[in-house]
Amino acid sequence: MDIVLVTIILIAAIALLAGEKLPVDLTAIGIMVALMVTGVLTPRQAVAGFANPAPLTVGALFVVSKALTRTGSLGLLNRLIVHSTGGRPRRILALALLLAGLLSAFVNNTPVVVLLLSVLLAVSGRFGLSPAQFLIPVSFISILAGTTTLIGTSTNIIISDLAVGAGLAPLGMFELARLGVPLALIGGLLLMLLSRRLLPQTHTPIYHHGQDERTRYISELQVTEESALIGQDVAEALGGRSEDIEIFEVVRGDLVLYPETDDCTLEADDLVLVGATATDLVDLIGGKDVTLPTVDGEPLENPYDRNAQIVEVVIAPESRMIGRRLRNTPLAAWDNLHVIGMQRRRTHYSERQLSRLRLDVGDILLIQCGTRQLARLRAETGLVVAEDVVRTLENRRKGPLAGVIFGAMVAAAALGWLDILTAALSAAFLMLLSGCLKPREAYDALDLPVLILIVGTLALGDALARTGAADLYASGLVAATATAGPHAVLAGVIVMTSVLSHFLSNNSTAVLMAPIALATAASLGVDPRPFVVGVCFGASACFATPIGYQTNLLVYGPGGYRFGDFTRLGMVLNVLVWFGASIFVPRLWPF
């Protein structure tokens, strides 16, 4: 009866997830409730997924990915893709597939997808492209590339260990490459040809578009006495740091210099009027070369203050500050509040100092303030606080540190010093401890529907194993093909392993199917090696659902995908692996 019940729950879960009549997290909760109510699992067993390494690992990697984006540490890879592709979607996809494939053959593919996920979201935003065209293909190629080496995925290592326990030789480092590399190359070609046709063109709120005039602020920067910029041309010294920085003029006492017509070699105490994004402004004033002559006359010591926020404040029509100079408003009198820059539409900025500016309706001020001051801003009549800029502001000073932490995480996981959960949690902890990410930003980075989905499907997988349903499905398939000879039996094992891996974890499927495959080979009186290899390829052929593999879950939310998007493109790769492995495993590893 338990097998019948869990089979009904499995069918209902697949129907709900595929049809998306309910949100995926609600479906996942429904799975746990159904398993508990029917008595298939105890309450403790049904919710055990909350303590499982899988959701904890994915959650930690969400935090790590957010920190990489927040610190701008992906800028080098971002620039590589931007300059190498010119924003052309096919070139972006080809380069992303190449990078993901090469890295995933030797490094655990989860951090590889995390790395490229952040980069592709940024590149998509820059060129106004849909990230949905790139994220599933990157996840799929990372899975395929993981089958090319022993260390490409932990599943191969587990199967190799099981083979040794059964008295067989372990898998060689590149033994699987004989078939894995051709499958990965063909799979990459199919992804290039079919992704645009089979994947949606969705634009999700997870990423933001590239900087434009609406996200730039006018600000003043004062050259410090010890600045390394003294003696340099202003266009090269400041304008060369970012393509989004525009130099308007340099104020030196009563003299106004213009970069286009005058010699603008910087001197100490020069005021430079610039237009720049929030990230560029904070990056500039965070160093020692320039400072911000704030409205209140006090220096802005730390633009990256962890106890402060950087927000946009819009001057509303009913504001009492309209027509008043900025230095004469309450904003200049409040402690722990600094006006970094302003944005004014359709009007040329003609004042020589930001503090002399008369405010008008629609002006946008970029402000750093503490929590108490933020509450006062919200309560102030005539001011509208928009905090979206906080989510896009990069703390570039922490970029190198975030890159080192991420690199250490990848190295520790790839070399076997730490398991992926320990490495990911350690990296997330260090990102928070070092200030690369604020705690509230870490909580915002967690995609709770995806994490709940993992927990629910883990409960379903546990029920399939505990009730014997998975064993029954596998044994039934093997028995049905036994009379057709070893080739047909091997094909059945590969397909069944693949099907189970869409609902069980890859490692759980490998542990379940490897003994069945070895026992089947023994009963047929053939060499078990082809069956061991077949289980390796079958366990990784889980492309048709977002819950089939951890990297699929990682891109599910950011790509704005539906369940069926994975099925349409994923079944093409499933069929490729099923037929490719079924035909060529017996030839490369004879019975």
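The values are calculated or read from the model by the stated rules, or taken from the named source; none is laboratory data. Predicted model only: the values in this text are computed from it and were never measured. We place every Cβ from the backbone using ideal geometry, glycine too, and count neighbours over all the protein chains shown.
Looking only at residues in region 424-479 that are polar (S, T, N, Q) and within 29 Å of Ala402 (Cα to Cα), which one is modelled with the lowest pLDDT? By that ranking, first place goes to Ser434. Which count do you get for residues in region 145-177 that are surrounded by fewer than 21 Cβ atoms within 10 Å (Cβ to Cβ) and in contact with a Phe, Trp or Tyr (Cβ under 7 Å, 6 or more places away or on another chain)? Matching residues across region 145-177 total 1. In region 269-298, which residue that is in a loop (DSSP other than H, G, I, E, B) and touching a strand residue (DSSP E or B) at 6+ places or on another chain (Cβ under 6 Å) is modelled with the highest pLDDT? Of everything passing the filter in region 269-298, Asp270 is modelled with the highest pLDDT. Given the criteria farther than 30 Å from Pro43 by Cβ, crowded, with 23+ Cβ neighbours inside 10 Å and in contact with a Leu (Cβ under 9 Å, 6 or more places away or on another chain), does Met513 qualify? In short, no.
One residue stands out among those in region 360-375 that are under 18 Å from Leu273 (Cβ atoms) and of a type outside the set (D, E, K, R): the one that is nearest to the chain's Cα centre (by Cα), which is Leu366.
When residues in region 161-178 are screened for being touching a Leu at 6+ places or on another chain (Cβ under 6 Å) and either assigned to a helix (DSSP H, G or I) or among the charged types (D, E, K, R) (or both), 1 of them pass. Counting just the residues of region 340-375 that are surrounded by 15 or more Cβ atoms within 10 Å (Cβ to Cβ) and among the hydroxyl-bearing types (Ser, Thr, Tyr), which one comes out modelled with the lowest pLDDT? Residue satisfying both the conditions and the ranking: Tyr349. Of all residues in region 83-121, those that are basic (Lys, Arg) and free of Cβ contacts under 8 Å to residues at least 24 places away in the same chain total 2. Restricting to region 259-275, name every residue that is surrounded by fewer than 17 Cβ atoms within 10 Å (Cβ to Cβ) and under 20 Å from Gly341 (Cβ atoms). Result: Asp269, single match.
Each row is one residue, and each column tells you yes or no for (1) of a type in the set (Lys, Arg); (2) over 21 Å from Ala412 (Cα atoms); (3) within 17 Å of the chain's Cα centre (by Cα).
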{"residue": "Leu97", "(1), (2), (3)": "no, yes, yes"}
{"residue": "Leu117", "(1), (2), (3)": "no, no, yes"}
{"residue": "Ser124", "(1), (2), (3)": "no, yes, yes"}
{"residue": "Gln133", "(1), (2), (3)": "no, yes, yes"}
{"residue": "Ile136", "(1), (2), (3)": "no, yes, yes"}
{"residue": "Gly146", "(1), (2), (3)": "no, no, no"}
{"residue": "Thr149", "(1), (2), (3)": "no, no, no"}
{"residue": "Gly152", "(1), (2), (3)": "no, no, no"}
{"residue": "Asn156", "(1), (2), (3)": "no, no, no"}
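If you go through region 554-591 and pick out every residue that is under 21 Å from Leu512 (Cβ atoms) and hydrophobic (A, V, I, L, M, F, W, C), you end up with 4. Among residues of region 506-535 that are among the acidic types (Asp, Glu), those with a Cβ under 9 angstrom from a residue that is part of a helix (DSSP H, G or I), sequence gap 6+ or separate chain, pair up as Asp527/Ala521.
Given the residues Asp471, Asp462, Asp444, Asp527, which is the only one that is more than 23 Å from the chain's Cα centre (by Cα) and closer than 30 Å to Leu117 by Cβ? None of the others qualify; the one that does is Asp462. Residues that are in contact with a Gly (Cβ under 8 Å, 6 or more places away or on another chain) and surrounded by 22 or more Cβ atoms within 10 Å (Cβ to Cβ) do not occur anywhere in region 431-445. For Ser124, the requirement of being touching a residue at least 40 places away in the same chain (Cβ under 8 Å), touching a Pro at 6+ places or on another chain (Cβ under 9 Å) and crowded, with 24+ Cβ neighbours inside 10 Å is met.
Restricting the search to helices (runs of 4 or more DSSP H) fully inside region 1-64 and requiring at least 1 residues that are closer than 18 Å to Thr545 by Cα and touching a residue at least 12 places away in the same chain (Cβ under 8 Å) gives 2-19, 24-37.
Among the criteria (1) assigned to a helix (DSSP H, G or I); (2) of a type in the set (A, V, I, L, M, F, W, C); (3) more than 30 Å from Phe537 (Cβ to Cβ), the one Ile136 does not fulfil is (3).
For the condition surrounded by 14 or more Cβ atoms within 10 Å (Cβ to Cβ) and either modelled with pLDDT of 80 or more or outside any loop (DSSP other than H, G, I, E, B) (or both), Leu189 does not qualify. The set of residues in region 532-591 that are surrounded by fewer than 22 Cβ atoms within 10 Å (Cβ to Cβ), over 19 Å from Ala28 (Cβ atoms) and among the aromatic types (Phe, Trp, Tyr) comprises Trp578, Phe579, Phe584, Trp589, Phe591. Among the residues making up region 540-591, those that are assigned to a loop (DSSP other than H, G, I, E, B), within 12 Å of Ile136 (Cα to Cα) and out of contact with any Gly (no Cβ under 6 Å at 6 or more places or on another chain) are Thr545, Pro546, Tyr549, Gly557, Pro558, Gly559, Gly560, Tyr561, Arg562. Summed over region 252-272, the residues that are touching a residue at least 12 places away in the same chain (Cβ under 8 Å) and farther than 17 Å from Gln232 by Cβ give a count of 1. With the condition kept exactly as written, say whether any residue in region 206-223 is surrounded by fewer than 15 Cβ atoms within 10 Å (Cβ to Cβ), over 28 Å from the mean Cα position of the chain (by Cα) and at pLDDT 70 or above. There is no residue in region 206-223 that is surrounded by fewer than 15 Cβ atoms within 10 Å (Cβ to Cβ), over 28 Å from the mean Cα position of the chain (by Cα) and at pLDDT 70 or above. Selection of first residues in region 299-326 that are assigned to a loop (DSSP other than H, G, I, E, B) and of second residues that are among the hydroxyl-bearing types (Ser, Thr, Tyr) and modelled with pLDDT of 60 or more, restricted to Cβ pairs under 8 Å at least 6 apart or on distinct chains, gives the following pairs, ordered by first then second residue: Pro299/Thr291; Leu300/Thr291; Asn307/Thr371; Glu318/Thr381; Ser319/Thr381; Arg320/Thr381; Met321/Thr329. Any idea which residue in region 98-116 is surrounded by the fewest Cβ atoms within 10 Å (Cβ to Cβ), counting only those that are part of a helix (DSSP H, G or I) and at pLDDT below 80? Going through the qualifying residues, I end up with Leu115. Remark: Glu226 falls outside the filter, which requires a residue to be of a type in the set (Asp, Glu), surrounded by 18 or more Cβ atoms within 10 Å (Cβ to Cβ), modelled with pLDDT under 90 and farther than 30 Å from Asn506 by Cα.
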